[in-house]
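Some notes on the structure that comes next.
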């Protein structure tokens, strides 16, 4: 090995695997429950049912973080397993969040909010599965293609 070359990277293991993938999930769940602790009178409303849009955004990000943690710690080859696990755990956290809100002054527990949570996590999983099957590649411009063709002749 040339002394100027960097040694090959080893995949993260143990504590670094946990810190890199599961700690963000745990921190985000803490943020979800912290937001659910805000009394209802202190939450601004932009328009009727704006909370559904908030649930969609909040739990779509949660689904991305959770799916990432499952995929890279349990294994990318088990796509169906980690996809299902992501939706089930995301739905469970959403359900617990709704139950927790029952005990927050001015907040209510709404099954429609939980349904939006599950839909958001499911959409995040579907998005990541689509990207996994159809990876995003850099598009080459016409000048790059022409230069490549000149190099082949």
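The values are calculated or read from the model by the stated rules, or taken from the named source; none is laboratory data. Here the structure is a predicted model, which means the values were calculated and not measured. Counting neighbours? That spans all protein chains shown, and the Cβs are built from the backbone with ideal geometry, glycine included.
Among the residues of the stretch 102-118, those identified as surrounded by 11 or more Cβ atoms within 10 Å (Cβ to Cβ) and in contact (Cβ under 8 Å) with a residue 60 or more places away in the chain are 104, 106, 107, 112, 113, 116, 117. Residues in the stretch 60-72: is at least one farther than 21 Å from residue 133 by Cβ and surrounded by 12 or more Cβ atoms within 10 Å (Cβ to Cβ)? Yes, the stretch 60-72 has at least one match. List every residue pair whose Cβ atoms sit under 8 Å apart, with the two residues 6 or more apart in sequence or on different chains, where the first one lies in the stretch 21-46 and is closer than 21 Å to residue 72 by Cβ and the second, anywhere, is assigned to a helix (DSSP H, G or I) and modelled with pLDDT under 95. Pairs found: 21/68; 21/69; 21/72; 21/73; 22/69; 22/73; 24/69; 25/69. For residue 109, the conditions (1) in contact with a helix residue (DSSP H, G or I) (Cβ under 8 Å, 6 or more places away or on another chain); (2) within 16 Å of residue 29 (Cβ to Cβ) are fulfilled apart from (2). Per the listing 37, 50, the residue uniquely modelled with pLDDT under 85 and out of contact with any helix residue (DSSP H, G or I) (no Cβ under 6 Å at 6 or more places or on another chain) is 50.
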